[in-house]
Amino acid sequence: MELDIPYLLQCYNDYKFATTMTPSMRIDALEEDKRPSACIGCGQCMHACPQGIDVPAALAELAEMYEKGPHWGDVVVQRAKSIEDDLK
Ligand code: SF4
């Protein structure tokens, strides 16, 4: 397992400061073992980070935000159902 930490931190920042679906869409596009929930919290990256970012804490929070949703796939299904209902 190797996580793309800069990519995931960008998703984290977008969750915190942007109000779009794109962070969840970007995480949806990752394999399970590349998602923030795959972080085991070992802390090795914290020692290497020149900015002293608490990466495991950020990834745990990101995993929680992602799990809460909404997820783009769910939104698409809801919209399709809504259109179907309108056409009945
Ligand atoms: S805490 Fe460990 S598993 Fe999680 S991102 Fe850092 S190095 Fe990877």
(request) Distance between Cα centroids, region 49-82 to region 20-35: provide it in whole Å. (result) 7 Å
(message) Nearest 500 deg cm²/dmol is fine: what mean residue ellipticity at 222 nm does the chain get from its DSSP H runs of n ≥ 4 alone, each adding -39,500 (n - 2.57), divided by its residue count?
(response) -19000 deg cm²/dmol
(request) Check the straight Cα-Cα distances from Lys34 and name the lysines below 28 Å, setting aside those fewer than 8 residues away within the same chain. (result) Lys16, Lys68
(request) Rank Gly52, Gly41, Gly73 by mean-square fluctuation in a GNM of the chain with C-alpha springs under 10 angstrom and give only the top-ranked residue. (result) Gly52
(request) Let me know the Rg and Dmax you get for the chain when you use only its Cα atoms, in Å. (result) 15.8, 59
(request) At 0.36 nm per residue, minus the direct Cα-Cα distance, what do Glu31 and His47 gain on full extension? Give it in nm, one decimal, please. (result) 3.2 nm
(message) What do you get for GluC sites (Glu not before Pro) in region 2-57 restricted to DSSP loop and a cutoff of at most 11 other Cβ within 10 Å of the site's Cβ?
(response) Glu2, Glu31
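Tally Lys and Arg at +1 and Asp and Glu at -1 over the other residues with C-beta under 11 Å from the C-beta of Thr20: what net charge comes out? It would help to have the intermediate numbers written out before the result.
Working: positive: Arg26; negative: Asp14.
That works out to 0.
Quick note: the coordinates plus some simple rules give every number you see, no bench work behind them. Just so we're clear, the structure is a prediction, and the values are computed from it rather than from any experiment. Note that we place each Cβ from the backbone using ideal geometry, even for glycine, and neighbour counts take in every protein chain shown.
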